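Some notes on the structure that comes next.
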Amino acid sequence: MSDSSTDYVGWFRHSSPYINAHRGKTFVVMLGGEAIDHTNFENIIHDIALLNSLGVRLVLIHGARPQIQERLDEKGVDSQLHHHLRVTDSETLASVIEAIGVLRTKIESKLSMGLINTPMHGAELRVSSGNYVKGRPLGVQDGVDLCHTGEVRKIDHNGIRQQLDLGNIVLLSNLGYSTTGEIFNLPVEEVASQTAIALQADKLILFGAQSGIIDSQGSTRSELLVRTAERFLNQYLAQLDDPTQSHTELARLLLMATQACSGGVPRSHLISYQDDGALLAELFTRDGSGTMVVQESYEKVREAEGSDINGIIELIKPLEERGALVRRSRELLEAEIDNFFVVERDSVVIGCAALYPFQEERAAELACVAISPEYRGGDRGELLLGAIEARAREMGLTSLFVLTTRTAHWFIEHGFTETSLEQLPGEKQARYNFQRSSKVFSKPL
């Protein structure tokens, strides 16, 4: 095997965990008009097709700033800017609509390619566009009427999800529509970030001229926490000699990345549309190609303390009333608090679980598993289970069991198998409540 083949095999093997991790996830990808005009655009389209074939759910959002300006110049129309926002009067709006229509058609045609001996052969991508973005006017700012320049009012996330469920790529532009039939020219970065937030997308990917954030040593920062990114943005703006430059591409993209993460998107990526393969390198290699802005973690799993008892009681009381959990008095919780782990978010207990060891049998019971209704659907149950299992292993235990009446499927999905009452430790068998008729599940550690 040649060296190039060996390198390829090694890369492919190391990328497989990322392929598995990204399958079925939702990515919002923003391409400005500059990216579409660049010679590397066709390669980006090929990489987007590859993501689609790997099972990634894709929403593409395109802008058209240079194309709009080109049309205005051709028509001899003067276009006024106010704080970087284009004043979109009726004449300007006509050019905006024309430019976006041409670009949308161009993108759709590129996504329809299927020539033999090209990366697009056999792709057969389906693209869906529509009035998924609702806009509203920005109105008058500093005495300047921005006319048809607007901001995002609402994203039809349910409509977008329906198209994604069908396997379609959703293509959006920076046009927004109102209930009165008006059309608004919106900042493409805002459309991208608000769409990612509305969908609670797994990633927001923003293409810009440079490969992410470059530090003072000239190196690309591969990862930034949101608070660090915000500090970097403030420092960057403070260093600008001309305050009107505060709306540079880098500032706009970094601001949208941090806002998306603060709005619930776990990761935002800044990559370059000029670098061939930047999208794949960012998603399928350890170091990536650009800068990833990571959502702050407001939650943590920790051992419970006495001050958590009120939170635990509030959490488990509704489940006790429904019969899903065995009732526990405050006195019992106070006595057994050292057995509990909790999930804490902003100093509030939103999840709990308890571990009761049986040292003689080298087994332990997982009990009192509860997640606040507002926070179900995430991975908090898995985090609690992981903490419980880690503690049980530290204690030298070899198995974990649980008694449940309502959530058997969840435990099966997480490695538990149903077993008999006789397999429980003798002490637990003696205290088994036959009126509840709980099913018994166990898991080796």
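The values are calculated or read from the model by the stated rules, or taken from the named source; none is laboratory data. Remember, predicted model here, so these are calculated numbers, not experimental data. All Cβ positions, glycine included, derive from the backbone under ideal geometry; neighbour counts span all protein chains shown. These area figures cover heavy atoms from the full protein model, side chains too; ligands, DNA and RNA do not enter into them. Shrake-Rupley method; radii C 1.70, N 1.55, O 1.52, S 1.80 Å.
If you go through segment 308-325 and keep only what is under 23 Å from Pro357 (Cα atoms) and either open to solvent by 80 Å² or more (accessible area, probe 1.4 Å) or among the small types (Gly, Ala, Ser) (or both), you end up with just Ala324. Residues that are loosely packed, with under 13 Cβ neighbours inside 10 Å and at pLDDT below 80 within segment 220-244 comprise Ala238, Gln239, Leu240, Asp241, Asp242, Pro243, Thr244, listed in sequence order.
Is one or more of the residues making up segment 247-261 within 19 Å of Glu190 (Cβ to Cβ), surrounded by fewer than 16 Cβ atoms within 10 Å (Cβ to Cβ), within 22 Å of the chain's Cα centre (by Cα) and modelled with pLDDT of 90 or more? So far as segment 247-261 goes, no, none of its residues is within 19 Å of Glu190 (Cβ to Cβ), surrounded by fewer than 16 Cβ atoms within 10 Å (Cβ to Cβ), within 22 Å of the chain's Cα centre (by Cα) and modelled with pLDDT of 90 or more. Checked against the criterion of being open to solvent by less than 60 Å² (accessible area, probe 1.4 Å), under 30 Å from Gly264 (Cβ atoms), basic (Lys, Arg) and modelled with pLDDT under 95, the candidates Arg57, Arg23, Arg86 yield just one match: Arg86. Just one of (1) among the hydrophobic types (A, V, I, L, M, F, W, C); (2) buried (at least 20 other Cβ atoms within 10 Å of the Cβ); (3) without any contact (Cβ under 8 Å) to a residue 12 or more places away in the chain fails for Val343. It is (3). In the set (1) closer than 27 Å to Tyr273 by Cα; (2) open to solvent by less than 30 Å² (accessible area, probe 1.4 Å); (3) part of a helix (DSSP H, G or I), the condition left unmet by Leu125 is number (3).
On the given criteria, is Glu389 in contact (Cβ under 8 Å) with a residue 12 or more places away in the chain, out of contact with any Pro (no Cβ under 8 Å at 6 or more places or on another chain) and either closer than 24 Å to Arg345 by Cβ or among the polar types (S, T, N, Q) (or both)? Show your work before the answer.
Details: in contact (Cβ under 8 Å) with a residue 12 or more places away in the chain: yes; out of contact with any Pro (no Cβ under 8 Å at 6 or more places or on another chain): yes; either closer than 24 Å to Arg345 by Cβ or among the polar types (S, T, N, Q) (or both): yes.
Judged against the criteria, Glu389 is a match.
Listed by position, the strands (runs of 3 or more DSSP E) enclosed by segment 274-378 that each have at least 2 residues that are touching a helix residue (DSSP H, G or I) at 6+ places or on another chain (Cβ under 9 Å) and not hydrophobic (A, V, I, L, M, F, W, C) are 299-303, 340-345, 348-358.
Given the condition at pLDDT 85 or above, among the acidic types (Asp, Glu) and in contact with a Pro (Cβ under 7 Å, 6 or more places away or on another chain), answer yes or no: does some residue in segment 180-190 qualify? Within segment 180-190 (the criterion being at pLDDT 85 or above, among the acidic types (Asp, Glu) and in contact with a Pro (Cβ under 7 Å, 6 or more places away or on another chain)), the answer is no, since none of the residues qualifies.
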